[in-house]
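Notes to accompany the following structure.
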Protein chains: 2
Amino acid sequence: MRRIAAALLHHPVVDRQGRVVTTAITNLDLHDIARSAHTYALEAFFIVHPVAAQRALAERVQRHWTLGSGARRIPDRTAPMSMLRVVSSLDEAISAFDTDAEIWTTSARRSPGALSFDDARARLRCEGASVLLVFGTGWGLCPELHARATAHLDPILSPRSDGYNHLSVRAAAAIVFDRLMSL
Amino acid sequence: MRRIAAALLHHPVVDRQGRVVTTAITNLDLHDIARSAHTYALEAFFIVHPVAAQRALAERVQRHWTLGSGARRIPDRTAPMSMLRVVSSLDEAISAFDTDAEIWTTSARRSPGALSFDDARARLRCEGASVLLVFGTGWGLCPELHARATAHLDPILSPRSDGYNHLSVRAAAAIVFDRLMSL
């Protein structure tokens, strides 16, 4: 299996109107996605935020679960929260993880040439570069990030006839990890 | 496809020591699981809590997203939050959904005779009774609930060698819906 990590981007992402924005950190994203990433044997989970005060918040939440009272109260969260790494940009995440890593982006929208989950699952089981799975907050990653990626994963499609598809990023990340990494 | 709904129980569930307890509602469970349930075409999502003040809290969160400022700000959440039904017990959920519904319980632990996800997926596509998928908060559903169920779903297993498996109930519900209901 290739080395795999995930990154949650708060910038550059788009809002409902497609404008590039910076979103605020949602505390629960940190431990929900860290627990999912750890359960599915990812190596690291990067929280990417350009604002120092927001990174300090993420680090404080991390310390609560790794060193503070949270670690004593719910020790099962210590291991996943220890794999969390708070960085200021996607480039910093790549430097910290593996400078040769491939970027695989995710989206709730279809795009031409996207990688199917079956193919992605098979690719991860062949030898190759490390993979950084990138998730966007807000209304998703900005188009430039997809253009820069080695692969763009298929969206998670709804079985509904109206195509409703508004999963939280926490739910989407859990499903992506399960589709790619489950036994 | 059979009619399917989900229920999130806050009582009777167990704590780390296996004692039967009542957990508090986590606001984010409501809209995360509702969005996942709606995306995967479930018919209803029941929040089960025996304490009236906690039910009132859940109903206030629901109104925020269906009638209040949340509905105007993020209209995509209105449909999933409209399928949320706040009840005091599992029996009340069954009465409101379908008195002939089968109860299918979920757990993070293995149990003998559990239903595999492949078999569960196939069963849902055959004619049969409605199915209520039941998820527990805290450290999971109390044993009596599993004993009462028609089926007990296999746990979501980790590919890790140490078997770490501490998904949030939000992540677990998303993965279960995806495994059972995805296209």
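The values are calculated or read from the model by the stated rules, or taken from the named source; none is laboratory data. This is a predicted model, so every value here is computed, not measured. Cβ coordinates were reconstructed from backbone atoms using ideal geometry, including for glycine residues, and neighbour counts include every protein chain displayed.
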For residues that are facing another protein chain (nearest Cβ under 8 Å) and more than 12 Å from A:SER107 (Cα to Cα), scanning just the stretch A:153-167, find the one that is modelled with the lowest pLDDT. A:TYR164
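Please go through the stretch B:69-84 and give me each residue that is assigned to a helix (DSSP H, G or I) and either touching a helix residue (DSSP H, G or I) at 6+ places or on another chain (Cβ under 6 Å) or among the hydrophobic types (A, V, I, L, M, F, W, C) (or both), ordered by number.
Taking the stretch B:69-84 as the starting set, the residues that turn out to be assigned to a helix (DSSP H, G or I) are B:69-73, B:75-82.
Matches in the stretch B:69-84: B:GLY70, B:ALA71, B:ARG77, B:THR78, B:ALA79, B:PRO80, B:MET81, B:SER82.
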Among the residues of the stretch A:108-115, is any within 14 Å of another protein chain (Cβ to nearest Cβ) and either in contact with a strand residue (DSSP E or B) (Cβ under 9 Å, 6 or more places away or on another chain) or surrounded by 13 or more Cβ atoms within 10 Å (Cβ to Cβ) (or both)? yes
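If you go through the stretch A:120-156, how many residues are part of a helix (DSSP H, G or I) and out of contact with any Asp or Glu (no Cβ under 9 Å at 6 or more places or on another chain)?
The first filter runs over the stretch A:120-156 and keeps only residues part of a helix (DSSP H, G or I), leaving A:120-124, A:143-148.
Of the ones still in play, those that are also out of contact with any Asp or Glu (no Cβ under 9 Å at 6 or more places or on another chain) are A:121-124, A:143-148.
Number of matching residues: 10.
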Index of the failed condition, A:ALA34 passing every other in (1) in contact (Cβ under 8 Å) with a residue 60 or more places away in the chain; (2) assigned to a helix (DSSP H, G or I); (3) of a type in the set (A, V, I, L, M, F, W, C): (1)
From the list B:ASP98, B:ASP76, which one is surrounded by fewer than 19 Cβ atoms within 10 Å (Cβ to Cβ), within 11 Å of chain A (Cβ to nearest Cβ) and not hydrophobic (A, V, I, L, M, F, W, C)? B:ASP76
Taking A:ALA147 and the conditions (1) more than 7 Å from chain B (Cβ to nearest Cβ); (2) free of Cβ contacts under 8 Å to residues at least 40 places away in the same chain; (3) buried (at least 17 other Cβ atoms within 10 Å of the Cβ); (4) not polar (S, T, N, Q), which numbered condition does it fall short on, given that it satisfies the others? (3)
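Considering only residues of the stretch B:44-73 that are within 14 Å of another protein chain (Cβ to nearest Cβ) and of a type in the set (Phe, Trp, Tyr), which is farthest from the chain's Cα centre (by Cα)? Write out each step before concluding.
Start the filter on the stretch B:44-73 by keeping residues that are within 14 Å of another protein chain (Cβ to nearest Cβ), which leaves B:45, B:65, B:70-73.
From what is left, the residues that are of a type in the set (Phe, Trp, Tyr) are B:45, B:65.
On the way: B:PHE45: 7, B:TRP65: 19 Å.
Out of the qualifying residues, it is B:TRP65.
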